[in-house]
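What follows is a single structure, written as structure tokens, with notes after it.
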Amino acid sequence: MRSIAMTGALLVTLAACSDERDTSVIAPVTEPAAVTVSSTSADPMTTAGDTRTLTAVVRDGNQVVIASPQVSWRSSAPSVATVVGSGPSVTVTAVDDGTAVITATSGVVEGSVMVTVRRRLQTIEVSAPDSVLLPGSTTQITVVGRDAQGRAVNRLTGVTFSTTNPFRATVSPTGLVTALFSSIRPATTFIGASVTRDGETFLDSKRIDVADPAPPGFQFSALMKPQNVRPFPAGSGGEGIVFFTRNGARIDYQIFWSLLLGPPFGAAIHGPNGDEAPAEVLVGLPLGTPLNTNGTMRGSFSAADISPQRGNPPISLDSLVALMQTPGQLYVDVGTAFFRTGEIRGSINQRP
């Protein structure tokens, strides 16, 4: 504090000292009260390896932005998107299709944003563990997409399948391929897969070859078709074949059927062959309890399984083989609920 006194021409200035005080302001310590997370884009990431920058803004209780806050990050689904780094700004990287919630934590408060990965297809690839199938066997088709970087896009939805030769192979809506017996050539089919995504359709196919079902060393066979049924041909698209092999005191058989109108309930050897009327059953060929209109069955029989004919004693196994060696004497048929006396039928012939 200063005072001024006048004495004649002398000017005297008196200074009084006062206490000097520190007038600087100390900023109060602030605690995070809210976290807001933003992304450089809200669009889905379309390729594995794509990156996106996320930024966290942290505010205190007065809604004032806190400079250089401590922030940690986590992803709810690292298999979809990963997040690397710490601090207010980090990078999120796409891994696979799906959604992930990316959360930023500062103190005891959190903020989050959802990111979506929907990779854009460039191609699809169709594969199967088997390329050659015996009639009655199956293989599973797998469809994998590829993105722009050639990385696999799994779990594709909306896949549809088709077959170029339905007489040789069928395919289920889930991609299960079943090989069929057919006398129609060729024995090759292509199983196609189709996926429509983002307005574009992608196609690929897998070649399946159906192998000759004849067992090694067979001696007799019968090709069975619906037009061979007597006295009236059966209205069916089914077909089948049976192979016989003498094995000591038994005869082994393997039978294939396909595209029947219903599951078969049994098969049998009939004969000696009559004119138009069905002949008596000589030997039943059990098929178990098949549930499908396509299939195969193995079995064997002995002389004890031969049925007597017209009240006569049953013939011997050698006599049965002799009849099988004579063209047109015996035939085999397969019955279904639609054609109980036979939906498909064929004469037994000796192997050339």
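Observations, loosely collected:
- Condition met for residue 92 (closer than 20 Å to residue 149 by Cβ and either in a loop (DSSP other than H, G, I, E, B) or under 31 Å from the mean Cα position of the chain (by Cα) (or both)): yes
- Filtered residues of segment 311-342 (kept if farther than 21 Å from residue 291 by Cβ and of a type in the set (Gly, Ala, Ser)): 311, 316, 319, 322, 328
- Scope segment 102-121; condition outside any strand (DSSP E or B) and either at pLDDT 95 or above or in contact with a Leu (Cβ under 9 Å, 6 or more places away or on another chain) (or both); matching residues: 121
- Residue ID - surrounded by the fewest Cβ atoms within 10 Å (Cβ to Cβ), chosen from residues in segment 95-121 that are among the acidic types (Asp, Glu) and closer than 30 Å to residue 144 by Cβ: 96
- In the condition set (1) closer than 24 Å to residue 146 by Cβ; (2) assigned by TED's automatic domain parsing to the domain that holds residue 197, residue 134 is compliant with all but (1).
- Set 213, 166: member being in a loop (DSSP other than H, G, I, E, B), of a type outside the set (Val, Ile, Thr) and surrounded by 17 or more Cβ atoms within 10 Å (Cβ to Cβ): 213
- The set of residues from segment 138-163 being assigned to a loop (DSSP other than H, G, I, E, B), touching a strand residue (DSSP E or B) at 6+ places or on another chain (Cβ under 7 Å), in contact (Cβ under 8 Å) with a residue 60 or more places away in the chain and not hydrophobic (A, V, I, L, M, F, W, C) comprises just one member, 147.
The values are calculated or read from the model by the stated rules, or taken from the named source; none is laboratory data. Every value quoted in this text rests on a predicted model; they were computed, and no experiment measured them. Note that we place each Cβ from the backbone using ideal geometry, even for glycine, and neighbour counts take in every protein chain shown.
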